[in-house]
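Colleague: Below you will find the structure I want to go over with you.
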Amino acid sequence: MNTVHSIAQVRAAVTRARQEGKRVGLVPTMGNLHAGHIALVRTALARGDFVVVSIFVNPMQFGPHEDLDSYPRTLAEDQAKLLDAGAHLVFAPNAKEMYPDGLDGHTRVSVPVVSEGLCGGSRPGHFDGVATVVSKLFNIVQPDLAVFGEKDYQQLAVIRKMTQDLSLPVHIIGEPTCRAEDGLALSSRNGYLTPEQRELAPTLFQQLQQIAAAVQGGRSDYAAIIETARQHLVAAGFQPDYLDLRDADTLTTIGPDSKTGVALAAVFLGKTRLIDNLRFKLA
Ligand code: PAF
């Protein structure tokens, strides 16, 4: 497994793989890899022959007061995990390689409607940053397939829509969320939690399960269901950013034609922002 830092090097390696008739898979990450990322790599390996993992903490998707500077950067540990998982190439560019002229004035990819509300509402410009860097990575690597985690549910919807709207020849695969034994969704940001906060954190998933159970039990007073969950979270010590129930396929409000629902939440535990979601069948 090689690690390359320039666009020219990744292109050369992918060209060689293609000449050998290989199907190319891409797993975009921001590093600090955990078992959830490794599951993405395994899926890419099962569906492709040459798997590129990008590691880039993308400044364009962070707001001015977010954790860009403190975001964990652990390249050596990440490389060891990727070698072990069987990835073929790591692409770890720096910001200068990806944004040689800086961020101001850089072309941005914006995916309307699906980027609005939820995380897009609390993190203005976040999904433009994600869509821009992912479209750059698609153009650099030109993969046949790319794998993203379902934990970032809205992000996956944004990337699917962008790929469809821009007619990008990339097959997007969503990978189910990996959870710790107590239900907490794995995330690089879990590392910010104090032991007490870590103990409390699974309450988030439990509340999403409560929401799903209420709806599946026949209730349709969605606002009241969400308010109850919100109150439980506040009482437990969380500061909810948003809690919502949407149609899982369109991310719009649940309507008579909706077949699958998704409960989505972002909460703060101290300064740490955690997100999670739970998809469930509607009657
Ligand atoms: O999910 C992430 O880690 C990032 O948003 C992504 C998709 C790698 C883009 O920077």
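Colleague: Using the Cα centre of segment 28-145 as origin and beta-carbon charges of +1 (Lys, Arg) and -1 (Asp, Glu), tell me which of Pro112, Ala44, Val141 is placed farthest towards the positive end of the dipole.
Modeller: The residue sitting farthest along the positive end of the dipole is Ala44.
Colleague: Check the straight Cα-Cα distances from Lys22 and name the aspartates and glutamates below 18 Å, setting aside those fewer than 8 residues away within the same chain.
Modeller: Within the straight-line limit of under 18 Å, Lys22 reaches these aspartates and glutamates: Asp49, Asp144.
Colleague: Write down the accessible area per residue of segment 53-156 in Å², having rolled a 1.4 Å probe over the full set of protein chains.
Modeller: Per-residue value: 43 Å².
Colleague: So what does Leu243 come to for accessible area, using a 1.4 Å probe and Å² rounded to 10?
Modeller: 20 Å²
Colleague: Return the carbon/sulfur percentage of the accessible area of segment 1-113, one whole number, probe 1.4 Å, all protein chains in place.
Modeller: Roughly 52 percent, rounded to a whole number.
Colleague: For segment 148-159, just list the computed ³J(HN,Hα) in residue order, Karplus coefficients 6.51, -1.76 and 1.60, θ = phi - 60°, integers in Hz, with x standing in for Gly and Pro.
Modeller: Once θ is set to phi - 60°, the couplings for segment 148-159 become 10, x, 6, 4, 8, 5, 5, 4, 4, 5, 5, 5 Hz.
Colleague: Using amide H atoms built in the peptide plane, which far-off residues or other-chain residues are under 5 Å from Gly149 H to H?
Modeller: Distant-sequence amide H within range of Gly149: Glu175.
Colleague: If you line up the long axis of helix 203-216 against the longest principal axis of the chain, both from Cα atoms, how many degrees apart are they, to the nearest 10?
Modeller: Value to nearest ten degrees: 70.
Colleague: Going by average Cβ density within 10 Å per residue, which order do the peptides 220-232, 52-64, 253-265 take, highest to lowest?
Modeller: 52-64, 253-265, 220-232
Colleague: Could you tell me the relative contact order of segment 103-153? Use alpha-carbon pairs under 8 Å, at least six residues apart, and round to a whole percent.
Modeller: The normalised contact order for segment 103-153 reaches 37 percent.
Colleague: Given Cα pairs under 8 Å that are at least 6 residues apart, what percent is the relative contact order of the chain?
Modeller: Normalised by residue count, the contact order of the chain is 17 percent.
Colleague: Show me, for segment 32-37, the HN-Hα J-couplings you get by feeding each phi into the Karplus relation (A = 6.51, B = -1.76, C = 1.60, θ = phi - 60°), rounded to Hz, glycine and proline as x.
Modeller: Here the 3J(HN,Hα) series is 6, 6, 10, 4, x, 5 Hz.
Colleague: With a 1.4 Å probe and all protein chains left in place, how much accessible area per residue does segment 212-283 have, in Å²?
Modeller: 51 Å²
Colleague: Something else now. Could you give the length gained by full extension between Ser122 and Lys96, i.e. 0.36 nm per residue of separation minus their alpha carbon distance, to one decimal place?
Modeller: This chain segment gains 6.6 nm when fully extended.
Colleague: Using amide H atoms built in the peptide plane, which far-off residues or other-chain residues are under 5 Å from Thr3 H to H?
Modeller: Val90
Colleague: While we're looking at this one, here's another question. Give the accessible area for Asp101 in Å² (nearest 10); use a 1.4 Å probe, count only protein heavy atoms, and leave out ligands, DNA and RNA.
Modeller: The accessible area of Asp101 comes to roughly 140 Å².
Colleague: So how much accessible area does Ser167 have, in Å² to the nearest 10, using a 1.4 Å probe?
Modeller: Looks like 100 Å² after rounding.
Colleague: Short version: ³J(HN,Hα) in whole Hz for each residue of segment 118-133, in order, from phi by Karplus 6.51 cos²θ - 1.76 cosθ + 1.60 (θ = phi - 60°), x for Gly and Pro, what are they?
Modeller: Once rounded to whole Hz, the list reads 6, 5, x, x, 8, 10, x, x, 4, 6, 5, x, 5, 4, 5, 5.
Colleague: Starting from the amide H of Ala248, placed 1.01 Å from N in the peptide plane, find each other amide H under 5 Å away whose residue is 5 or more places distant or on another chain.
Modeller: Here Thr260, Gly261, Val262 satisfy the definition.
Colleague: Roughly how far apart, in whole Å, are the Cα centres of segment 223-283 and segment 118-168?
Modeller: Distance between centres, Cα-based: 21 Å.
The values are calculated or read from the model by the stated rules, or taken from the named source; none is laboratory data. Everything numeric here is computed off the predicted structure, so don't read it as measured data. As a convention, Cβ positions derive from the backbone with ideal geometry for all residues, glycine included, and neighbour counts pool all protein chains shown. What goes into the accessible areas is simple: the full protein's heavy atoms, side chains included, and nothing from ligands, DNA or RNA. Shrake-Rupley method; radii C 1.70, N 1.55, O 1.52, S 1.80 Å.
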